[in-house]
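See below for the structure under consideration.
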Amino acid sequence: MQADTKILVVDDEQLTRQCLSSYFEEEGYTVFCAETAEQAESILNGEAIDVILLDIRLPGKDGLTLTRELRVHSEVGIILVTGRQDEVDRLIGLECGADEYVTKPFNPREILARTKNLVRRVRHCTEAKPTDALPQSFISFDRWKLNLDRRQLLDQYQQQTQLTEGEFKLLNSLMNHAGQVMSREQILDQIRNREWVPSDRTVDVLIGRLRRKLGDDPANPKLILTVHGAGYLFTPKPIELA
């Protein structure tokens with residue numbers, strides 16, 4: 001898969017670009033680099049990029065703005081690369097539709113592992129077509145069906161809603177523990193391969209995004225309940241469809 005996988009590294013620091021590009025090239029990936037969001041957009045217009053490693057703090061148009069704009073028309077995988085003090089920006093990035101984030105100084109192996117997983121999800125979404133005759137896996141709950149292969153929600157009118165990697169992992173975790181209260185710590189353990197910190201609000205941001213896509217009123221939710229002081233409760237009973 002690596003040989004035909006295209007990675008775009010967007011960072012204004014030359015050392016970071018060189019570090020990431022050389023590491024992914026050694027693993028057999030095709031890598032493009034950009035110093036600015038504008039350069040990145042030019043590359044995206046000409047290349048079928050699978051995953052973008054995107055620094056939040058860029059000169060001119062920043063990474064958050066680029067993430068928001070890309071999500072309007074693209075399902076490209078987006079991994080934000082942030083500083084350790086950029087928690088608010090990380091959360092905004094997730095709200096804008098980024099799939100993952102890693103913090104500097106980063107471990108290249110961690111980025112590689114996350115990128116591989118994200119590429120598989122992106123390929124499922126972009127290569128699958130509605131006319132495909134291949135068998136697909138669905139889970140039904142409330143008025144929704146979740147396509148596990150395409151990472152898509154379908155409502156009762158067969159209208160499709162695409163999920164990001166984080167939203168998909170969160171929904172899977174909640175469904176696997178339906179009827180049980182899950183703490184933020186338990187959810188983080190399920191959806192991320194990293195150590196959680198008490199101030200991490202990733203789960204709250206993803207819950208908010210998922211509620212909006214499910215049409216679950218945050219002021220009076222029915223599907224994903226907030227259990228104050230404990231965590232979250234997924235109320236529907238999921239049914240695996242043959």
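Side notes on the structure shown:
- Count of the range 113-131 residues, restricted to those that are modelled with pLDDT of 85 or more and buried (at least 18 other Cβ atoms within 10 Å of the Cβ), is 4.
- Close pairs (8 angstrom Cβ cut-off, 6 or more residues apart or separate chains): over 29 Å from Arg109 (Cβ atoms) in the range 53-65, of a type in the set (A, V, I, L, M) anywhere: Gly60/Ala37; Lys61/Ala37; Thr65/Ala37
- Test result for Arg57, over 16 Å from the mean Cα position of the chain (by Cα) and under 29 Å from Leu188 (Cβ atoms): yes
- Residues in the range 132-145 that are modelled with pLDDT of 75 or more and touching an Asp or Glu at 6+ places or on another chain (Cβ under 7 Å): Ser137, Ile139, Arg143, Trp144.
- Of the strands (runs of 3 or more DSSP E) lying entirely inside the range 10-105, those carrying at least 2 residues that are modelled with pLDDT of 95 or more, surrounded by fewer than 22 Cβ atoms within 10 Å (Cβ to Cβ) and not assigned by TED's automatic domain parsing to the domain that holds Asp204 are 30-34.
The values are calculated or read from the model by the stated rules, or taken from the named source; none is laboratory data. Because the structure is a prediction, the values reported are computed rather than measured. For neighbour counting, all protein chains shown are included, and Cβ atoms are generated from backbone atoms with ideal geometry for every residue, glycine included.
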